[in-house]
Every structure is written in C-alpha cells, then in structure tokens.
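Here the structure comes first, spelled out in structure tokens, and everything after it is commentary.
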Amino acid sequence: MANALSMDLRQRVLAAIASGLSCREAAARFGVSPASAIRWRALERATGTVAPKPQGGDRRSARIEAHAELILRIVEERPGITLNALKAELAKSGIHVGIGTLWRFFERRRLAEKKNRPLRPNRRQRKP
C-alpha cells in the first residue's frame, strides 16, 4: 500500500484552489491526480482538515470476535472439527464467515494447527 501524500502538498493544492484555480488546474500544477484534489477539497469542506486517515491495520476482526465464546465452545465440544465443518456449524446459527476469517481467529489465539496428510511411502526405497 502506498503512503499518503504529505500534508504540505495537500495544503499547497488547497491554497491554489482557494486562490482561484480549479481542482483540475491545481492538480496539474502540483502533479497529483485531479481525483485527489477533488477529494481533498471535499474533505476540507466536510471536516475542516485534510489530514490522511490511518492506513492498514485490522478493521474486520471485531465481527468474528463478537462470537468468540460460541466458536471456542464448539471447538471445545468437538476438538477435531475442521474449519469447513465449523463454518457450517456457525452458518446454522446465522453467523456467516469465511475460512480465512476463521483461520486468522485461531491464529490470533495461537490455536491454529495444520493437519498433515499421511505421506505415501517412497516406491524407490532400497531394501537392505
């Protein structure tokens, strides 16, 4: 993800707009996209500031964390349950989540465990 453009640049673009340039003309002068200049102007009108919002981070885990007690209870009752089976069990309760969401839920709790399939024996093994 790209970094946000600097506050200095944002303020210079908005100052040019305030001095009479259109958003597109100010964008061309400072080498930013017209969409950015338009968004910054709208943001300034709505909030009074053009500071960038925080980027990245976890924004969705709260949805599944609200059901943590139910999920952990199901896993405690059925210790060998697969993520697909757990997803189906949660869907019966009206909770629709993806496999990746469940995986990250367990990974945060250090409960994630990869189930390995048994390996086929090597057919080229030498006999002693």
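The values are calculated or read from the model by the stated rules, or taken from the named source; none is laboratory data. Computed from a predicted structure; not experimentally measured. So basically every Cβ, Gly included, is an ideal-geometry build from the backbone, and we count neighbours across all protein chains shown. These accessible areas exclude ligands, DNA and RNA; they are computed on the full protein's heavy atoms, side chains included. Shrake-Rupley method; radii C 1.70, N 1.55, O 1.52, S 1.80 Å.
On the given criteria, is Val13 open to solvent by less than 60 Å² (accessible area, probe 1.4 Å) and in a helix (DSSP H, G or I)?
Working: open to solvent by less than 60 Å² (accessible area, probe 1.4 Å): yes; in a helix (DSSP H, G or I): yes.
Answer is yes for this residue.
Of the residues that make up the range 114-127, is at least one open to solvent by less than 100 Å² (accessible area, probe 1.4 Å) and either touching a helix residue (DSSP H, G or I) at 6+ places or on another chain (Cβ under 6 Å) or modelled with pLDDT of 95 or more (or both)?
There is no residue in the range 114-127 that is open to solvent by less than 100 Å² (accessible area, probe 1.4 Å) and either touching a helix residue (DSSP H, G or I) at 6+ places or on another chain (Cβ under 6 Å) or modelled with pLDDT of 95 or more (or both).
With the range 21-74 as the region, which helices (runs of 4 or more DSSP H) entirely inside it contain at least 3 residues that are touching a Phe, Trp or Tyr at 6+ places or on another chain (Cβ under 9 Å)?
Numbers: elements: 23-30, 34-47, 61-65.
Per the criteria, 61-65.
Under 7 Å between Cβ atoms, which residue pairs at least 6 apart in sequence (or on different chains) link something in the range 24-46 that is within 17 Å of Asn3 (Cα to Cα) with a partner that is open to solvent by 60 Å² or more (accessible area, probe 1.4 Å) and of a type in the set (Val, Ile, Thr)?
none
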